[in-house]
Amino acid sequence: MEMADRSIREALLYEKLDNKKVRCNTCNRRCIIAPNKVGFCKTRENRNGKLYTLEYGLISSLSVNPIEKKPLFHFWPGSNCLTIGSWSCTFTCDWCQNFDISKIPPDVKNSNFISPENLVELTIKEKCQGTSMSFSEPTTFLEYCLNVFKLARKKKLYNTFITNGYFTPEALELLIKSGCDAFNIDMKGDKKAVKKYCKADVELVWQNIIESRKKGAWVEIATLVIPGVNDDDDCLRGIAKRIHDEVGDDTPWHVSRYYPCYKFTNPPTPVETLEKAFKIGKEEELKFVYVGNVPGHKENTYCPNCKKILIERFGFDVLSFNLTKDKKCPNCGEKIPIIGKFIKHERVGGFN
């Protein structure tokens, strides 16, 4: 069977409308798609009144990554995950660092086809503790993610989803049921910024952050702090306050440095701006705030009670892990939210 044929599967989440139109219910754009047309992301096509995904198993990128790179700091620290991407995205960000795959429709010629079974086998072969759907927006290849997650869970591997958070409630339900253990969800700014740069409704992202946590998945939130887009005090404080009030004060918030990329030429984020964001997060009483893309700078986990260093990091490496077996501060007994176990110095695999 040709790769193009194997990568075309009927979509799971859609409804049939009049005149053979369909409504895709995978992401919150809920595109209405006429026959022989594709939706906003260009990965789903209406063929004679049925909706098909065009990128099932089409892998554009594959590597062994530290879980800290996602970034997920409180989920299986020190572990490795087999990370894959496919094609396209549901957002329109002009600063995307993965634009060479996220801004392109499914490209069979520049893909490898890997079945879910083979991907799980490769995860084990590369001595990874789990899988990570990332690089491009994984919502666009939802059906593949679900099948991988089910198989991976049977093999006692974890599953993570690195996303802009614009999937539908129906998609979230399937992700949780299929074995998604953790999400890193981008919070790209306030309502105005997300509408302008992402052509999206930020409230639907917040809804997924809140519901993912309620449904038992671990959630960490990342904000790429971009000069002139989302670096003003009101925007940053608004994000921090909503994390505290609506998600939980123990939810990690990663404020990361932006560098010019794709169509965006604004200068790199000053470290002083990241320091400001960090301070705002602490003022809003978030227990765990981290600075990203500045190796060696505010990457450690401290006890929120006694301020003892509990996890020391540099870049994506865990240098020391100083929690008790029941994940408490050894100094004061404060319970620290760490999901899974610490994997010591297992930076292995052929794809780094």
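The values are calculated or read from the model by the stated rules, or taken from the named source; none is laboratory data. It should be emphasised that the depicted structure is a prediction, and the values quoted were computed from it without experimental measurement. Every residue, glycine among them, receives a Cβ derived from its backbone with ideal geometry; neighbour counts consider all protein chains shown.
At-a-glance table
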item	result
The stretch 68-98, subset on the phi < 0 side of the Ramachandran plot and among the hydroxyl-bearing types (Ser, Thr, Tyr), residue surrounded by the fewest Cβ atoms within 10 Å (Cβ to Cβ)	THR92
Members of the stretch 168-215 found to be crowded, with 19+ Cβ neighbours inside 10 Å and hydroxyl-bearing (Ser, Thr, Tyr), listed by number	THR168, TYR197, SER212
Residues of the stretch 303-321 satisfying the condition of being within 19 Å of PRO66 (Cβ to Cβ), assigned to a loop (DSSP other than H, G, I, E, B) and not small (Gly, Ala, Ser)	PHE316
Selection from the stretch 253-288 of residues that are in contact (Cβ under 8 Å) with a residue 40 or more places away in the chain and among the aliphatic types (A, V, I, L, M)	LEU274, ALA277, ILE280, LEU286
Breaking point among (1) in contact with a strand residue (DSSP E or B) (Cβ under 6 Å, 6 or more places away or on another chain); (2) closer than 20 Å to SER79 by Cα, for THR269	(2)
Matching helices (runs of 4 or more DSSP H) fully within the stretch 168-245 where at least 2 residues are more than 25 Å from LEU12 (Cα to Cα), modelled with pLDDT of 95 or more and among the hydrophobic types (A, V, I, L, M, F, W, C)	191-198, 233-242
Those residues of the stretch 34-90 which are closer than 30 Å to ASN293 by Cα, touching a strand residue (DSSP E or B) at 6+ places or on another chain (Cβ under 7 Å) and of a type in the set (Lys, Arg), in sequence order	LYS70
Members of the stretch 86-106 that are under 24 Å from ASP5 (Cα atoms) and in a loop (DSSP other than H, G, I, E, B)	SER86, TRP87, SER88, CYS89, THR90, LYS103, ILE104, PRO105, PRO106
The stretch 207-230: number of residues that are β-branched (Val, Ile, Thr) and free of Cβ contacts under 8 Å to residues at least 40 places away in the same chain	3
Residues of the stretch 107-163 classified as surrounded by 24 or more Cβ atoms within 10 Å (Cβ to Cβ), in a loop (DSSP other than H, G, I, E, B) and in contact with a Leu (Cβ under 9 Å, 6 or more places away or on another chain), total	1
Filtered residues of the stretch 15-46 (kept if in contact with a helix residue (DSSP H, G or I) (Cβ under 6 Å, 6 or more places away or on another chain), buried (at least 16 other Cβ atoms within 10 Å of the Cβ) and not in a strand (DSSP E or B))	ASN25, THR26, ASN28, CYS41, THR43
THR83 vs. criteria in a strand (DSSP E or B) and in contact (Cβ under 8 Å) with a residue 12 or more places away in the chain	yes
Residue list for the stretch 151-171, filter: touching a strand residue (DSSP E or B) at 6+ places or on another chain (Cβ under 9 Å) and of a type outside the set (S, T, N, Q)	ALA152, ARG153, LEU157, TYR158, PHE161, ILE162, GLY165, TYR166, PHE167, ALA171
Hey, LYS199 touching a residue at least 60 places away in the same chain (Cβ under 8 Å) and out of contact with any strand residue (DSSP E or B) (no Cβ under 7 Å at 6 or more places or on another chain) or not	yes
